[in-house]
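Asker: Okay, here's the structure, questions in a sec.
The values are calculated or read from the model by the stated rules, or taken from the named source; none is laboratory data. Note that the coordinates shown come from a computational prediction; the quantities given were computed from them, not determined experimentally. Cβ sites come from the backbone with ideal geometry, for glycine too, and all protein chains shown count toward neighbours.
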Amino acid sequence: MKFLILFLSISMKIKFLNSFGEFIPIMEEDFESCTSDKKYHRADLTNFKLITGKDRVYANGTVKFLKDIKSPWKVNFTTERMMNGVWQKGDVKRVMDDFCISKKNPSEPSYIVSKYIKDCPIKAGDIQEFKMVPTSVLPAYLPSDYRGEWRFYARSTYSDSKDGQVEDCSVISLEVMQK
């Protein structure tokens, strides 16, 4: 019986280790607007990039806030992945009812970058600068079925005194490759 338990535990461990691996996300550097009019409404990301380095992905450049932003600032992070030639909903999703509060929480996955973002309220015209801020450590240890093409979306909704509820959407493409 002990042998059977030992055999099963070893084979399960081998299967587990084989199902995970070292992966590197190769990011497109530029974000794109995914709103219907293809414009940025809350923040201009045209001078902001994610750069894949040897050991990390870095945030670099500037974000110019185009509107006043105050609490609550709802942010949804979602993904799509290419499967069999078709974009399908991805496994990764995170909803923050108020990014102004969530961005200060060290247990949030986005905290590695959000801790550098100005506190709310943010005034129109404010510029947030990122100078090669590390956003992740590479390689990432992921299940092997995460290989392939992905899109990462950040959608936000906030209230604007002039325009009411304003929605914004940014997307960046990436490919997850085995190291």
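Asker: Which residues, counting only those in segment 76-101, are touching a Phe, Trp or Tyr at 6+ places or on another chain (Cβ under 7 Å), assigned to a loop (DSSP other than H, G, I, E, B) and over 30 Å from I122 (Cβ atoms)?
Answerer: Correct list: empty.
Asker: Same structure again: Scan the strands (runs of 3 or more DSSP E) fully inside segment 102-164 and keep the ones with 2 or more residues being modelled with pLDDT of 80 or more and of a type outside the set (A, V, I, L, M, F, W, C). First the steps, then the outcome.
Answerer: Values: elements: 127-137, 140-143, 148-160.
Per the criteria, 127-137, 148-160.
Asker: Hey, another quick one. Using the structure shown, decide if V95 is surrounded by 18 or more Cβ atoms within 10 Å (Cβ to Cβ) and of a type in the set (A, V, I, L, M).
Answerer: Details: surrounded by 18 or more Cβ atoms within 10 Å (Cβ to Cβ): no; of a type in the set (A, V, I, L, M): yes.
Against the criterion (surrounded by 18 or more Cβ atoms within 10 Å (Cβ to Cβ) and of a type in the set (A, V, I, L, M)), V95 does not qualify.
Asker: Here is a check on your reading of the model: is T79 modelled with pLDDT under 90 and within 18 Å of E29 (Cα to Cα)?
Answerer: Against the criterion (modelled with pLDDT under 90 and within 18 Å of E29 (Cα to Cα)), T79 does not qualify.
Yes/no matrix, rows are residues, columns are (1) farther than 25 Å from N47 by Cβ; (2) of a type in the set (D, E); (3) crowded, with 16+ Cβ neighbours inside 10 Å:
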| residue | (1), (2), (3) |
| --- | --- |
| Y58 | no, no, yes |
| G61 | no, no, yes |
| K67 | no, no, yes |
| F77 | no, no, yes |
| V86 | yes, no, no |
| F99 | no, no, yes |
| N105 | yes, no, no |
| K118 | no, no, no |
| M132 | no, no, no |
